[in-house]
Amino acid sequence: MNENEVLQRIFAVLEQYFATRNEGVFVKYTSPADLQKLLALDEPGSEGDWDRTFKWIEQYLEYGVKTSHPSFMNRMWAGANMPSMLAEMVTALSNTSACTYESAPVSTLFERHMIQEMLDLVGFVDGEGQMTTGSSNANMIAMMCARNTAAQQVKQQGLFGQRELFGFVNGEAHYSMDKASNILGIGSDHLIKVEVNERGEMIAEKLEAEIEKVVRGGGVPFFVAATAGTTVRGAYDPIEPILALRDKYKFWLHVDGAWGGAAVMSDRLRGKYLPRLAEANSFTCDFHKMLGSSLMCNILLINRSEHIFGKVLAAGDGSYLFRDTDDTEVDDLGNVSLQCGRRVDSLKWFLDWKYYGKSGFAERIEKYLELCEYAEQRVQAIPELELVSERTSFNICFRFKAPENCSREQVNRLTEEIRTRIYKKGAALVGLAYIKEHLAMRLLVTNTNIGIAEIDSFLAEVVATGKDVLAFERGRTNVVRAFPAGHVAERGDTTSQAQSEYRKVGSGN
Ligand SMILES: *Cc1c(COP(=O)(O)O)cnc(C)c1O
């Protein structure tokens, strides 16, 4: 086979996969041990063998997860927009790095165009932006800009001998904040998790109390991140009172909109969830989550930046790579990136943006919100189900109602068991997360193939599976075998304790 024939063959394989990607079960569940055998990872003799190569490709597709399938309700992303999938193919076949204009002229202009479009959309003035590898890194870069603004010498001297810096985040903020504080030398003890209310929103008065404590101790409150849509509960931190605190304490206000930042697309939802976003210092949004670009696709924007990227991020001698000549008139984007080689992500976002436009994305997320409202109403109406936390935006955290005499650990185990069974059947993949001590299934609608019928059948599956599990429990004497140890650690409880408690209920009912 010559390379053109190989290309024809892969297109045929992909066409076949694509045509059936929403049919059947969303995953052919196979245990890691069985899959290991099937894949024949150590099989010798594959050199130069296209047939063998194709066999692995077909296995990859066969045993992988079909993420655009309506049963895939688990992650903050699903499937992908068609224009961005085309972009991925083009990017893969043309393979270049978006670090310089020289190596990526079109991509550089697309990226610069999209940065300006998004700055204008958000309302940031004289700003800068960059596409990063995701919100985890965008959060870190925002924290880094804040750090170097608060401690001007840090780029040269490090944090040695500086006043102590403290950052503040929602108590349920994404774990990337902890990683960022670790990487940047802030330290997790200096990342204060602010108490949230019963809806999961940061309490501004508690934030001020924490800041006061730090100031009294001689520390510097350098960074506050308001989360716009927390990962588990979808809570939006109140930007307005935090802005008032910024006036007083002069910290950097970053808005982590990885998940719920997509609300900027809809004027109606923006007014509700992101008031005065335009006054924050920085903002990040993952286009690969609610907006459906293919992974990874993210933007970080800085307000009134005064060329902060260059001051904070540019470092070392890149003269072998970067050009500063008149004839390009375009700064190389790679100069202020954390990476050297940069994947071309701009093509995806540019094509998606041109194809759907702001109004198309607004319509999409408004529809998602309507479906979430519907799902919430159904959970409240179905007697076997209950919400674990009030829905405030896009996330529905719920569970199957356990019999009244179950302990918290038993309820958690039941939730996990139901979710695992549904997954292994290939019926649905739904997220699982703790809210305080309570395990909840987290239903997310980020899939354009999900409508009312899919939500109904998913909830019916949860109810039926829940009933099955309970009936099974009642009929067994050895409940421990029926209920193997949980895959997630029980909080504040050992597995054996939880198991013995379950045994009691299992035989008691
Ligand atoms: C998903 C998420 C992140 C991390 O984003 P990645 O692009 O996966 O790195 C950060 N913050 C919040 C609130 C998120 O939901």
**Item:** helices (runs of 4 or more DSSP H) wholly inside segment 94-202 containing at least 3 residues that are at pLDDT 95 or above and within 16 Å of the ligand (Cβ to nearest atom)
**Value:** 135-150, 176-183
**Item:** The listed residue being more than 16 Å from the ligand (Cβ to nearest atom), closer than 22 Å to Ala262 by Cα and crowded, with 21+ Cβ neighbours inside 10 Å, out of Val344, Val388, Val379
**Value:** Val344
**Asked** Which of (1) under 25 Å from the mean Cα position of the chain (by Cα); (2) without any contact (Cβ under 8 Å) to a residue 24 or more places away in the chain is the odd one out, the single condition Gly316 does not satisfy?
**Response** (1)
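Considering only residues that are closer than 22 Å to Met85 by Cβ and not charged (D, E, K, R), which ones fall in segment 363-384?
Narrowing segment 363-384 to residues closer than 22 Å to Met85 by Cβ: 363-365, 367-368.
Residues satisfying the conditions are Ile365, Tyr368.
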**Prompt:** Out of curiosity, is Gly271 crowded, with 24+ Cβ neighbours inside 10 Å and either more than 14 Å from the ligand (Cβ to nearest atom) or not in a strand (DSSP E or B) (or both)?
**Reply:** no
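Residue-by-condition table, conditions (1) closer than 24 Å to Phe287 by Cβ; (2) part of a helix (DSSP H, G or I); (3) of a type in the set (Ser, Thr, Tyr):
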{"site": "Ser359", "(1), (2), (3)": "yes, yes, yes"}
{"site": "Arg364", "(1), (2), (3)": "yes, yes, no"}
{"site": "Tyr368", "(1), (2), (3)": "yes, yes, yes"}
{"site": "Cys372", "(1), (2), (3)": "yes, yes, no"}
{"site": "Gln377", "(1), (2), (3)": "no, yes, no"}
{"site": "Glu386", "(1), (2), (3)": "no, no, no"}
{"site": "Ser389", "(1), (2), (3)": "no, no, yes"}
{"site": "Ser393", "(1), (2), (3)": "yes, no, yes"}
{"site": "Glu404", "(1), (2), (3)": "no, no, no"}
**Prompt:** Just a yes or no: is a residue in segment 36-45 over 20 Å from Met89 (Cα atoms) and polar (S, T, N, Q)?
**Reply:** yes
**Request:** Check Arg276 against each of (1) more than 16 Å from the ligand (Cβ to nearest atom); (2) out of contact with any Asp or Glu (no Cβ under 8 Å at 6 or more places or on another chain); (3) within 30 Å of Trp353 (Cα to Cα) and name the one condition it does not meet.
**Result:** (2)
**Complete:** In the set Phe222, Phe287, the lone residue that is farther than 25 Å from Tyr434 by Cβ, crowded, with 24+ Cβ neighbours inside 10 Å and more than 16 Å from the ligand (Cβ to nearest atom) is Phe222
**Prompt:** Is it the case that some residue within segment 177-193 is more than 18 Å from Asn139 (Cβ to Cβ), out of contact with any strand residue (DSSP E or B) (no Cβ under 6 Å at 6 or more places or on another chain) and in contact (Cβ under 8 Å) with a residue 40 or more places away in the chain?
**Reply:** no
**Message:** Show the residue pairs meeting these rules: Cβ distance below 8 Å; 6+ apart or different chains; first residue within segment 285-300 and in a strand (DSSP E or B); second residue near the ligand (Cβ under 9 Å from one of its atoms) and acidic (Asp, Glu).
**Reply:** Asn298/Asp286
**Prompt:** Yes or no: Phe309 part of a helix (DSSP H, G or I) and touching a strand residue (DSSP E or B) at 6+ places or on another chain (Cβ under 7 Å)?
**Reply:** yes
**Request:** Go through segment 287-307 and give me each residue that's touching a helix residue (DSSP H, G or I) at 6+ places or on another chain (Cβ under 7 Å) and of a type in the set (Asp, Glu).
**Result:** none
**Request:** Among residues belonging to segment 55-76 that are assigned to a loop (DSSP other than H, G, I, E, B) and of a type in the set (S, T, N, Q), point out the one that is surrounded by the fewest Cβ atoms within 10 Å (Cβ to Cβ).
**Result:** Ser68
**Request:** Quick one: Thr231 ticks every box in (1) within 16 Å of the ligand (Cβ to nearest atom); (2) within 19 Å of Ile115 (Cα to Cα); (3) in a loop (DSSP other than H, G, I, E, B) except a single one, so which number is it?
**Result:** (2)
**Fill in**
Residue count, segment 380-400, condition farther than 30 Å from Lys272 by Cα and in contact (Cβ under 8 Å) with a residue 40 or more places away in the chain, comes to 2
**Prompt:** Do the conditions hold for Phe251, that is, is it within 28 Å of Val154 (Cα to Cα), buried (at least 22 other Cβ atoms within 10 Å of the Cβ) and in contact with a Pro (Cβ under 7 Å, 6 or more places away or on another chain)?
**Reply:** yes
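Filter segment 441-457 down to residues that are touching a residue at least 24 places away in the same chain (Cβ under 8 Å) and surrounded by fewer than 22 Cβ atoms within 10 Å (Cβ to Cβ) and give me whichever is nearest to Ile365 (Cα to Cα). Reasoning before the result, please.
Initially, segment 441-457 is screened for residues touching a residue at least 24 places away in the same chain (Cβ under 8 Å), giving 441-452, 454-456.
Narrowing further to those that are surrounded by fewer than 22 Cβ atoms within 10 Å (Cβ to Cβ): 448-449, 451-452, 454-456.
On the way: Thr448: 10, Asn449: 13, Gly451: 13, Ile452: 15, Glu454: 17, Ile455: 16, Asp456: 20 Å.
The qualifying residue nearest to Ile365 (Cα to Cα) is Thr448.
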**Message:** What are the pairs with Cβ atoms under 6 angstrom where one residue, in segment 253-266, is not assigned by TED's automatic domain parsing to the domain that holds Ala228 and the other, located anywhere, is modelled with pLDDT under 95 and within 13 Å of the ligand (Cβ to nearest atom)? Sequence gap at least six, or different chains.
**Reply:** none
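Residue by residue, here is whether (1) in contact with a helix residue (DSSP H, G or I) (Cβ under 9 Å, 6 or more places away or on another chain); (2) assigned by TED's automatic domain parsing to the domain that holds Leu253; (3) crowded, with 21+ Cβ neighbours inside 10 Å holds:
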position: Cys145; (1), (2), (3): yes, yes, yes
position: Gln153; (1), (2), (3): no, yes, no
position: Gly158; (1), (2), (3): no, yes, no
position: Phe166; (1), (2), (3): yes, yes, yes
position: Asp178; (1), (2), (3): yes, yes, no
position: Ile183; (1), (2), (3): yes, yes, no
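The values are calculated or read from the model by the stated rules, or taken from the named source; none is laboratory data. The structure displayed is predicted, hence computed values, not measured ones. Note: ideal-geometry Cβ built from the backbone for every residue, glycine included; neighbour counts use all protein chains shown.
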